[in-house]
Amino acid sequence: AQTVTQSQPEMSVQEAETVTLSCTYDTSESDYYLFWYKQPPSRQMILVIRQEAYKQQNATENRFSVNFQKAAKSFSLKISDSQLGDAAMYFCASHKKSSGDKLTFGTGTRLAVRP
Amino acid sequence: EADIYQTPRYLVIGTGKKITLECSQTMGHDKMYWYQQDPGMELHLIHYSYGVNSTEKGDLSSESTVSRIRTEHFPLTLESARPSHTSQYLCASSHAGAATQYFGPGTRLTVL
């Protein structure tokens, strides 16, 4: 079974500082994707960034970047220059192509941003 | 504008009522999904569909049912709602063969 573990239930960061959210996963797939989704208080899940497992280069989207360590099955999210609008629940997810492209989600990390 | 819609956004109903949660997408996606999100925030896949007339059960057993008569529409029905069905329900969609799923705004259901 595919599992995704987020070991930090809550994190806090000062506005304009950098924070890293951790995620580890376990998969038997050779071809898969990894995702970070953000869920603000409005409750809509918003795609933050995605990483294709066969790509060695870490994905980057503006202030968001990942540190993808395939051998260690680690996929952390770095948020630079944190803004008040970054406060949300962040979910890590892994993709399983062999089961109809299903996503398995971690339990989430609640990020607070201090002004 | 291509998007994914869910109605209603909030619903409070009594036990025993039949309800249908609507999900529609204008993104041209073949695959659609329903997730149930606990108050503790974990997401669980309860139904998915590869396309018209295709429906599959997800990882979490659910008393709800779904249908897929049109590509853009994937409603979820509870024949007799119970307080244990109180949850957030999220609909998502993706292109066939693609990994990225896009989510609707969710329906927060409370059953009294």
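Coordinate-derived values only; no laboratory data. What you see is a predicted model, and the numbers here were worked out from it, not measured in a lab. Every residue, glycine among them, receives a Cβ derived from its backbone with ideal geometry; neighbour counts consider all protein chains shown.
For A:Lys70, give me every one of the lysines with a C-alpha distance below 18 angstrom, ignoring sequence neighbours fewer than eight places off in its own chain.
A:Lys55, A:Lys78, A:Lys96, A:Lys97
Restricting the count to DSSP beta bridges whose residues both fall in the range B:4-111, what percent are antiparallel, rounded to a multiple of 5?
90 percent
Over the range B:4-111, what lengths in whole Å, largest first, do the semi-axes of the equivalent ellipsoid take, defined as the square roots of 5 times the eigenvalues of the alpha-carbon gyration tensor?
In descending order the semi-axes read 22, 14, 13 Å.
What percentage of all Cα-Cα pairs in chain A are separated by more than 24 Å?
20 percent
Bin width 5 Å, origin at 0, all Cα-Cα pairs of the protein assembly as shown: what percent of pairs per bin?
Result returned by the calculation: 1, 7, 15, 18, 18, 16, 13, 8, 3, 1, 0.
Please pull out the direction-averaged projected area of the range B:7-53, using the convex hull of its alpha-carbon atoms, in nm² to one decimal place.
Working: hull surface 19.0 nm².
Approximately 4.7 nm², given one-decimal rounding.
For the range A:3-114, what is the charge dipole size about the Cα centre, in debye to the nearest 20, if Lys and Arg each add +1 at the Cβ and Asp and Glu each add -1 at the Cβ?
Result for the range A:3-114 is approximately 180 debye, rounded to the nearest 20.
Note down the magnitude of the dipole of the protein assembly as shown about its Cα centre, charges +1 on Lys and Arg C-beta and -1 on Asp and Glu C-beta and zero elsewhere, to the nearest 20 debye.
Details: 22 positive and 22 negative charges, 48 e Å.
It works out to roughly 240 debye.
Shielding by partners for A:97-104, please: the mean number of other protein chain Cβ atoms within 10 Å of each residue's Cβ.
The mean count of partner-chain Cβ atoms within 10 Å per residue comes to 6.
May I ask you to list the trypsin sites (Lys or Arg not before Pro) in the range B:1-99 that are in a DSSP loop and have at most 10 other Cβ atoms within 10 Å of their Cβ? It would help to have the intermediate numbers written out before the result.
Working: sites: B:Arg9, B:Lys17, B:Lys18, B:Lys31, B:Lys57, B:Arg68, B:Arg70; in loops: B:Arg9, B:Lys17, B:Lys18, B:Arg68.
Answer in residue order: B:Lys18.
From the backbone phi of the range A:43-51, what are the Karplus-calculated ³J(HN,Hα) couplings (6.51 cos²θ - 1.76 cosθ + 1.60, θ = phi - 60°) in whole Hz, Gly and Pro given as x?
6, 7, 7, 10, 5, 9, 6, 9, 10
So, in nm, how far is label B:Thr15 from label A:Gln56 when the simple model puts each one 7 Å beyond its Cα toward the Cβ?
6.1 nm
Above 14 angstrom, tally the Cα pairs of the range A:1-63 and express them as a % of all pairs, no decimals.
In whole percent, the long-distance tail amounts to 70.
Under the Karplus relation 6.51 cos²θ - 1.76 cosθ + 1.60, θ = phi - 60°, what is the ordered set of whole-Hz ³J(HN,Hα) values for the range A:10-17, x standing for Gly and Pro?
Per-residue couplings from phi come out as 9, 9, 9, 9, 7, 3, 6, 8 Hz.
Would you give the gap between the C-alpha center of the range B:72-112 and the C-alpha center of the range A:50-115, rounded to a whole Å?
After rounding, the separation between the Cα centres reads 23 Å.
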